[in-house]
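The values are calculated or read from the model by the stated rules, or taken from the named source; none is laboratory data. If you're wondering where the values come from, they're calculated on a predicted model, not measured in any experiment. Note that each Cβ is placed from the backbone with ideal geometry, even for glycine, and that neighbours are counted across all protein chains shown.
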Ligand code: MN
């Protein structure tokens, strides 16, 4: 199975978490929040074939870490995966939106100059602006919208624009949310935990818990659990092929 958005470097015991994921055969996108965390985070998963490390600059720290954009560019050839990046327009972060946009634009343009990357994108409280910027600056990249919570018309637009979605259990609680998840094409869905800080029903979510999404999606899609897993693994393979294509373009 998979976890396409986890912060492995922020776990209390990353080595133990990574060993368990590796043993379980999980495909993982291990995202980082700053460029200076990239090399150390990648080192944590050394030798784990299915764990990819993303080079990120989280919008919530864009103001303090914009000075690391030079480092971001220097590291960009090291990986075909970029994240966590994006915009955050929620309370407490709205004030830094103009800096966040500068940082996000720089990152998207750098990715385009390399022929495109697989992106894990945060868009809380800023979904339409995030979609605008992806449309303008990310034409050759492959965006996966992480924990997308935009309004219905933003969701419709994100689907029309061809974006993918990484989804987790906190997105399954209300009927409205389930309806929204059923709008997303099955061949564009990946699973995520956003661990170690994301919670579900009062408890911290572990990356291995993403398997609980299989029965949920099987009900939503009226598929058997085998079919659901097959679809999800096809989707992972698609991302892998895209990432390798980028490799050959470079
Ligand atoms: Mn995250």
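Couple of notes before you dig in:
- Set side by side, the residues 135, 62 differ, and just one is in a helix (DSSP H, G or I) and surrounded by fewer than 21 Cβ atoms within 10 Å (Cβ to Cβ), which is 135.
- The range 66-85 - residue that is over 16 Å from residue 115 (Cα atoms) and not in a helix (DSSP H, G or I) and, of those, nearest to the ligand (Cβ to nearest atom): 84
- The residue list 4, 11 contains one member that is at pLDDT 95 or above, within 16 Å of the ligand (Cβ to nearest atom), over 18 Å from residue 77 (Cβ atoms) and touching a strand residue (DSSP E or B) at 6+ places or on another chain (Cβ under 8 Å), which is 4.
- The single condition among (1) at positive phi; (2) surrounded by 21 or more Cβ atoms within 10 Å (Cβ to Cβ); (3) without any contact (Cβ under 8 Å) to a residue 60 or more places away in the chain that residue 130 does not satisfy is (1).
- Candidates 174, 182, 222, 215: the one that is on the phi > 0 side of the Ramachandran plot, surrounded by fewer than 16 Cβ atoms within 10 Å (Cβ to Cβ) and more than 16 Å from the ligand (Cβ to nearest atom) is 222.
- Restricting attention to the range 227-240, the residues that are out of contact with any helix residue (DSSP H, G or I) (no Cβ under 9 Å at 6 or more places or on another chain) and over 23 Å from residue 143 (Cβ atoms) total 1.
- Any chance residue 73 is under 23 Å from residue 144 (Cβ atoms) and more than 17 Å from the chain's Cα centre (by Cα): yes
- In this entry, residue 111 is excluded by the filter for residues that are in a loop (DSSP other than H, G, I, E, B) and at pLDDT 95 or above.
- Residue list for the range 138-171, filter: within 16 Å of the ligand (Cβ to nearest atom) and surrounded by fewer than 21 Cβ atoms within 10 Å (Cβ to Cβ): 147, 149, 169, 170, 171
- Residue selected from the range 185-212 under the condition in contact with a strand residue (DSSP E or B) (Cβ under 6 Å, 6 or more places away or on another chain) and farther than 22 Å from residue 14 by Cβ, by the criterion nearest to the ligand (Cβ to nearest atom): 189
- Residue satisfying condition, being closer than 17 Å to residue 243 by Cα and either at pLDDT 95 or above or in contact with a helix residue (DSSP H, G or I) (Cβ under 8 Å, 6 or more places away or on another chain) (or both), within set 163, 137, 146: 163
- For the range 40-59, filtered to residues that are more than 20 Å from residue 119 (Cα to Cα) and part of a loop (DSSP other than H, G, I, E, B), the residue that is farthest from the ligand (Cβ to nearest atom) is 47.
- Residues of the range 20-39 classified as in contact with a helix residue (DSSP H, G or I) (Cβ under 7 Å, 6 or more places away or on another chain) and assigned to a helix (DSSP H, G or I), total: 6
- Residue ID - surrounded by the most Cβ atoms within 10 Å (Cβ to Cβ), chosen from residues in the range 90-121 that are over 23 Å from residue 77 (Cα atoms) and more than 16 Å from the ligand (Cβ to nearest atom): 96
- On inspection, residue 243 qualifies as part of a helix (DSSP H, G or I), within 30 Å of residue 139 (Cα to Cα) and touching a strand residue (DSSP E or B) at 6+ places or on another chain (Cβ under 8 Å).
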